Amino acid sequence: MFGYVFKRSLQSLVAVAGLLVLVFFLSRLTGDPAYLYLPLDSTEAQRQAFNELHGFDDPLYIQFGRYLADLLHFDFGTALSRNRPAMEVALEAFPETLKLAAIAMTLSLVLAIVVGALAATKPGGIFDRLATTISLAGASAPDFWVAIVAILFFSVSLGLLPTSGTGTPLHWIMPIGVLMLRPFGLLTQVVRGSMMGVLTSPYIKTAQAKGVRRTKIVFVHALRNALLPVITVAGDLAASLINGAVVVETIFGWPGIGKLMIDAIVRRDFALVQATVLITAIAIFFLNIVIDLVYAALDPRIRHQTA
Amino acid sequence: MSTLSLQTPDAEKRTASGPARIFRLLLRDPLATLAFAFLVVVVVCAVAGPFLIGDLIEKPNFRARNMPPFSLEQGFAYILGADTLGRSLLARLVVGARNTLGIATAAVLCSLVIGGTLGLIAGYSRGALGNLIMRATDIVMSFPSLLLALVVLFSLGPSVPNLVLVLAITRIPIYLRTTRAEVLEVRERMFVNAAVALGASHSRLIFRHIAPMVIPTLLTIGAIDFATVVLAESSLSFLGLGIQSPQFTWGSMVATGRGYLANAWWVAFWPGLMILLTTLSLNILSNWWRTYSDPQQRWRLELARRHRK
């Protein structure tokens, strides 16, 4: 089992390294940061001095070598747009996104399991049709638009919730709600589909014949087997939850890593882009390990596999 | 040739009754029918609409500035209201449909062709090249697609071809992995072995024997993936790194309307609703198709008929 997890993590570690190289060179392609950071009437000499100061005048491969050497010293460069160490800025924003994503993911997972399992017990019934339509709509909705309509309705018209920012518990409601849409929609469908498959298998028939209570069959006997594909999808979704976080954080002014990354990209803050990408990639890397471990714990075929 | 002529009658029969039968089953599901009808309308609007509209999307009509929807005061073109320059929202939605669907179609085709080709190579050659391709896919998949698209798009500069390319890159792994898996399976089949034994060249094996087995699967994935690509394009355009003005898609229309939310909600509302209805219809149809093409589930569709009669 640990051989399996180890092999998988080694693969994703290679991917993280590749990603960092890619981002380094791609972000260098975006143009000269000196034009953005110096006043419009700056002279050629001033721009040159700026580039020399930050090492942007060296050939790319030398810059890259320096970047790698600094990485080994845990020096991630200075965020030009804020004049602070890039990693410090990124680490400040990261927990905000993590809190948002963790709450949204947990809530949508629990909700999806309950709704999906109940829908699967009576396929084609009213509850099933309702759940399918709602989950499809959740998976199809453009999150930025739902966020805007929610602001329009709850903040502008009703005046119940704050439009953006952080602070009170009320500030959490809309960002989490919008962030939950897609995972909830997709997971409900996966739970429903996988549950429908499991519920027709012989061991469930046996349990029914023994006279086990219906809720116990669904939520104890069937759920354990139905959860395997759900966990795979949930893992993929957790990584792509960052996609949603970018949109949600931008609209609701949430000081998370997604908003930070967009700002850094637009302002050509190379060090900050790299730091945010690194943090996100590492977070996803650990997430994948956790998912593999959970998967192994649930599936004896993997648990007893050697390498 | 002999195998070909053996297959023909059966294949002909299937194509003769196939679409008609599928369509009849489709009409039995009201939700799927509605989704299908909506998509037909959108596609017809996207293809033919811009010719009928003429210069309506550019022409400012100052008497219609910020005109609320559901009023026929300025004619039918303004039924959905007008934006701050008094341009008809209905007309802009139609042109936005063309851009949105056009970009998504191009992106899906690109990723299908590139992903399919690379997957074919990775599955067929199994050597170092195949390994390299798979590791490159891992990189793309190890990172949130929207962020990757943002980074790439910002370095390449926002333009329609780049937008298509970026959207394609983020979707390529899906086609690539499916193709590779299918190729690995197909190349072990008896008829491929027979072709190898008969001395077929690599290109003949790939294009004549393996590719025809893989392409239908890819097309199905492409159809299902279309909704995701529409959403991704909309998000990018909404964030301002997708399509650039004066061109626009539904996503960038929402972004424009966001600034006038308090006094003209309809500017942002309609284009977003169009995105929602389009992707929802696509998902409903692909859901229906999944039920239809799964022999263990198809009886549900056929049962519905017996219930009603």
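The values are calculated or read from the model by the stated rules, or taken from the named source; none is laboratory data. Fair warning: this is a prediction, and the values are worked out from it, not measured in the lab. Because the Cβ atoms are built from the backbone with ideal geometry, glycine has one as well, and the counts that use them run over all protein chains shown. All accessible areas refer to the heavy atoms of the entire protein, side chains included, with ligands and DNA or RNA removed. Shrake-Rupley method; radii C 1.70, N 1.55, O 1.52, S 1.80 Å.
Summing -39500 (n - 2.57) over the DSSP H runs of n ≥ 4 in chain A and dividing by its residue number, what mean residue ellipticity at 222 nm do you reach, to the nearest 500 deg cm²/dmol? Present the calculation step by step, with values, prior to reporting the outcome.
Details: 13 runs with 226 residues, N = 307.
-25000 deg cm²/dmol, from helical runs alone.
Relative to the Cα centre, what is the charge dipole magnitude of the protein assembly as shown, using +1 at the beta carbon of each Lys and Arg, -1 at the beta carbon of each Asp and Glu, and rounding to the nearest 20 debye?
On the way: 51 positive and 34 negative charges, 623 e Å.
Here the size comes out at about 3000 debye.
Scan around B:ILE243 for amide H atoms under 5 Å from its own, H built in the peptide plane at 1.01 Å from N, and keep only partners 5 or more places away or cross-chain.
For B:ILE243, whose amide H was placed from the backbone, the distant partners under 5 Å are B:SER237.
Using amide H atoms built in the peptide plane, which far-off residues or other-chain residues are under 5 Å from A:ALA79 H to H?
Residues meeting the criterion, in which the H sits 1.01 Å from N, are A:ARG84, A:ALA86.
Counting alpha carbon pairs within less than 8 Å and at least 6 residues apart, what relative contact order, in whole percent, applies to segment B:89-308? Walk me through the numbers on the way to the answer.
On the way: 231 pairs, mean separation 52.7, N = 220.
That works out to 24 percent.
Mind telling me which of A:ALA104, A:ALA69, A:ALA141 comes out most flexible in a GNM of chain A, alpha-carbon contacts under 10 Å?
The residue that fluctuates most here is A:ALA69.
Round to the nearest 0.05 the FRET efficiency obtained for B:ILE79 and A:THR166 when R0 = 41 Å and r is the Cβ-Cβ distance.
Numbers: r = 41 Å, r/R0 = 0.99.
After rounding, the FRET efficiency stands at 0.50.
Given the convex hull over the Cα atoms of the protein assembly as shown, what projected area results after averaging over all orientations, in nm²? Could you put the intermediate results ahead of the total?
Details: hull surface 141.9 nm².
Taking a quarter of the hull surface, the average projection is 35.5 nm².
Divide, for segment B:89-308, the radius of gyration over alpha carbons by 2.2 N^0.38 Å, where N is the residue count.
Numbers: Rg = 20.9 Å, N = 220, 2.2 N^0.38 = 17.1 Å.
Rg over 2.2 N^0.38 Å, computed on Cα atoms: 1.22.
Only helical DSSP H runs with n ≥ 4 go in: add -39500 (n - 2.57) per run for chain B, normalise by residue count and round the 222 nm mean residue ellipticity to 500 deg cm²/dmol. Mind dumping the intermediate values first?
On the way: 11 runs with 225 residues, N = 309.
-25000 deg cm²/dmol, from helical runs alone.
In degrees, nearest 10, range 0 to 90: what is the angle between the Cα axis of helix A:126-140 and the longest Cα principal axis of chain A?
Helix A:126-140 sits at roughly 10 degrees to that axis.
Could you state, as a whole-number percent, how many of the C-alpha pairs of chain A are farther apart than 30 Å? Working shown, then result.
On the way: 22699 of 46971 pairs.
Summing the P(r) tail past 30 Å for chain A gives 48 percent.
Accessible area of chain A with a 1.4 Å probe: how many percent of it is carbon plus sulfur? List each step's numbers first, then the result.
On the way: 10030 of 14770 Å².
The value for chain A is 68 percent carbon and sulfur by accessible area.
Grab the eigenvalues of the alpha-carbon gyration tensor for segment A:106-243, scale each by 5, take roots, and send me the semi-axes largest first in whole angstrom.
Values: eigenvalues 236, 43, 34 Å².
They are 34, 15, 13 Å, listed from largest to smallest.
Work out from phi, with θ = phi - 60° and the Karplus expression 6.51 cos²θ - 1.76 cosθ + 1.60, the ³J(HN,Hα) of each residue of segment A:97-102, listed in order in whole Hz, and give x for Gly and Pro.
So the J values, rounded to whole Hz, are 5, 4, 4, 4, 5, 5.
Kindly express, to the nearest 10 degrees and within the range 0 to 90, the angle between helix B:211-238's C-alpha long axis and the longest C-alpha principal axis of chain B.
20
If I build a Gaussian network model for chain A, linking alpha-carbon pairs within less than 10 angstrom, which residue out of A:THR168, A:THR121, A:THR97 has the largest mean-square fluctuation?
A:THR168
So, in the protein assembly as shown, how many Lys pairs have Cα atoms under 25 Å apart, if the pair is 8 or more places apart or on different chains? The partial results should precede the final answer.
Details: A:LYS99/A:LYS259; A:LYS122/A:LYS205; A:LYS122/A:LYS210; A:LYS122/A:LYS216; A:LYS122/B:LYS309; A:LYS205/A:LYS216.
Count of close lysine pairs: 6.
How high is the relative contact order of chain A? Use alpha-carbon pairs under 8 Å, at least six apart in sequence, and give a whole percent. List each step's numbers first, then the result.
On the way: 344 pairs, mean separation 95.1, N = 307.
Over chain A, the number comes to 31 percent.
For segment A:189-239, what does the accessible surface come to per residue with a 1.4 Å probe? Please give it in Å².
Details: 2600 Å² over 51 residues.
On a per-residue basis, 51 Å².
Quote the relative contact order of segment A:10-86 in percent (integer), defining contacts as alpha-carbon pairs under 8 Å separated by 6+ residues. Walk me through the intermediate numbers first.
Values: 25 pairs, mean separation 12.6, N = 77.
Taking the mean separation of contacting Cα pairs over the length of segment A:10-86, I get 16 percent.
Tell me, what ³J(HN,Hα) does each residue in segment A:78-92 have, in order and in whole Hz, if you take phi through Karplus 6.51 cos²θ - 1.76 cosθ + 1.60 with θ = phi - 60° and put x for Gly and Pro?
9, 6, 4, 6, 10, 6, 9, x, 4, 5, 4, 4, 5, 5, 5
Do any trypsin sites (Lys or Arg not before Pro) in segment B:158-260 lie in a DSSP loop with no more than 13 other beta carbon atoms within 10 Å, and if so, which? Walk me through the numbers on the way to the answer.
On the way: sites: B:ARG171, B:ARG177, B:ARG180, B:ARG187, B:ARG189, B:ARG204, B:ARG208, B:ARG258; in loops: B:ARG187, B:ARG189.
Counting only loop positions with at most 13 other Cβ atoms within 10 Å, the trypsin sites (Lys or Arg not before Pro) in segment B:158-260 are B:ARG189.
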